[in-house]
Every structure is written in structure tokens, then in C-alpha cells.
Amino acid sequence: MLVWLFFSLLALFSLSSFSHEHTEYRPGRGFRIHSLKMTVGGYSTFLYKSRRDYEEYKLEEISLLLYGDPLSRVRYFLELELHDVYREVNGRDRTTRLVDIERLYVDYEFSEALKLRVGRFITPLGIWNPIHIDVLKWTVSDPAVVAFFFPNFVTGVQLFGNPTLETDYALFFQNNRGISERYNNLLSRRSAGGEIRREIGDNLKVAINGGWFDLEGHGEISFAGANALFTAPGTEISGEMMYALERRDTGEEGRRFSYYLQGVRRILPRNYAILRYCYYRETAEDRRNRALTLGWNFRPYYFLSLKAEYQFRERGRLNTFFASVSGMF
């Protein structure tokens, strides 16, 4: 909590120390402090979740962003996040208010074709995982491909760039303890992987990816996948597929497979309808799940999103309603 307060006060002090000629505020884009070549902003989300025997209200996060480009080839990025600012489950207070370093990295640009990133960053795989800020997501819930196949964050090194106008790539490596390790979907201290993406015409992007990581104290997972994104005025169609082989320290092996197909269509100005089908299968635990999601997303401004969705599960008692309000500031 002290860390969060420190950086919040530091940001406010920095802003108050400069005249209006030195600062510029744009809703959703934050404060730009021109003399420091730094931007201060953030985002927050309120979430509601309900199913047959479960009801949750949560001010999920308040995130503070500081980023800038002090030199022509150097860029830095810091995100501090306060989790579970308020959380109520079935009428009981479950608030934790934990502070984590969500992202902390420095970029150096050798050229458009080769850039270096060092620190804690979002794992550069797929379509869904890199879209980290809730305002920018189409739905409240996430598909299974981002939860069970690779860590959402890496603390290590990333090489990325655009060798051509139609092609981009990203490679990442980790061989160390992670920053804010508790805030990750999977605990891993050794990993490697990458993705290459290609634009086909003006509307289609396709990509393949793969990699490996250790499950700290449990085994290791090798994975491979593919994804595609089609966009047109008022329409978006996307899909991802992931396959993984899990080897446990006990000698057991298991396989994981998942995919989703999602369609988005603008039905009224700033109103979008979403349909997504998701499938997940895990042999080691003999687990399988199918989910059909019907969603609605209202974006009155680019920095504000109101969402509602109903998720039909293979087991009807797990059918879930989600709603959220999220914004950037």
C-alpha cells in the first residue's frame, strides 16, 4: 500500500510542479509532461459476476501508468496496480487491496526491424493476451487460451520488430525469478517462445507461435498455436488455437487443447454485439469445457466501456452473467 501511495503522490506532485504550458491532459490518454517527456495516466474497472450460487461485486483494479521516451531510441514503461480495491462475494467482504508491479520495462530501438525490451512485460503471444487494459477488450471474460498455455507475463528479455511492412515478430526469454511473481496465471522462472505475424491484404492478419516454460516445482509445458484476425468496417472476426504437451515431475504426461472463434458486429453507433464459442480440453485432469458467450459492448467514448454478457457453459449450473464498467483516465 505504501508503494502505491508513494507513486501516486509522486505523480500528483510532478503534475502540480509544472504550469499548464508544460502539461497537457487528454481524456483517456493521461497527463503529458512535455519537459520530462513523460505521460501519467491509468485505468480502472468495476465488475459484477453472478451464477446460480455465486454473486460478486468488485472494484477490480486501479492502475497507475508512467511512461515516456527520454531519448530518441529509449522508452520506459511502468504500471502499478492496486487489486481488489473492494470485493464482496455472496454478501461477505473479501477485499485484499494488494499492490503489484504489473509492467516495468525499458525498450531500446536499434531499428524498425530490431528492438530490445528488458523487464517485466506482457507475453507477446496471440490476439487476446496482449490486450491488457479492460477498456480495450470486447468482453468481460477471457477465453481459455490465455489461461492455461503460457504465463501472461514474463520477466526477462524480448526481441521484436517489423522486418517488412507486412511482417512483425517477437521472441522472449526468461531464466530468473520474476517481478511480482504472485501476479501471474502460471508460476514460471524459465521460459522461451515467440510469434511471427503476417498481414495479408488490408483486412487479414495471421500468426503462428510456440514455446516452452517450466512449471516451478511441477514440470514443464511445450506449446504451439495459431491465430487469425479479420477486420472490416463495423465487423471483426478472430480466432485462436493452442496445443500443449505437459510433462510432470512425477513422469506423467498430459495434453491441453483449446480454441475460440469470435465475431463482433456494430449494431448501432458505439454499440457492438459479440458472439464467441470457446472449447478447452485437458487430458491429465480429464477436464473439458465448452462455453458460448453472448455479449454487448457500449463505447460512448474511446476511453469508456460498458459491457454485459451471458456465458452458457457445458454444465448448466455454471452459466454465468458478467457486467462491467471500465475506463481510462
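Under a Gaussian network description of the chain, with springs only between Cα atoms under 10 Å, the residue in ASP134, ASP142, ASP53 that fluctuates furthest is ASP53.
Among the GluC sites (Glu not before Pro) in the range 243-326, those placed in a DSSP loop whose Cβ has at most 14 other Cβ atoms within 10 Å are GLU252, GLU285, GLU314. The modelled label-to-label distance for the pair PHE173/LEU36, using points 7 Å beyond Cα in the direction of Cβ, is 3.4 nm. Is the shape of the chain rounded, prolate or oblate, going by the alpha carbon gyration tensor and its root eigenvalues a ≥ b ≥ c, with a/c under 1.5 for rounded and a/b larger than b/c for prolate? Cα axes put the chain in the rounded bin. Among the lysines of the range 2-328, pairs that are 8 or more positions apart or on different chains and have alpha carbons within less than 22 Å of each other number 9. Report note on the peptides 108-117, 292-301: ranked by the mean count of other C-beta atoms within 10 Å, highest first, their order is 292-301, 108-117. Which one, THR235, GLY156, TRP212, projects farthest toward the positive side of the charge dipole computed for the chain from Cβ point charges (K/R +1, D/E -1)? Looking along the dipole axis, the top candidate is THR235. With neighbour counts taken as other beta-carbon atoms within 10 Å, the residues PHE121, PHE77 rank, fewest first, as PHE77, PHE121. Across the chain, the relative contact order, built from alpha-carbon pairs under 8 Å that are at least six residues apart, equals 13 percent.
So if each residue of separation counts as 0.36 nm, and I subtract the Cα-Cα distance between GLU252 and LEU98, what length gain in nm does that give? Display every interim value, and only then the final one.
Values: separation 154, 0.36 × 154 = 55.44 nm, distance 3.54 nm.
Separation in residues times 0.36 nm, less the Cα-Cα distance, equals 51.9 nm.
Each value in this text was obtained by applying a stated rule to the coordinates, not by laboratory testing. Here the structure is a predicted model, which is why all the values come from computation and not from measurement. Positions of Cβ are backbone-derived with ideal geometry, glycine not excepted, and every protein chain shown enters the neighbour counts.
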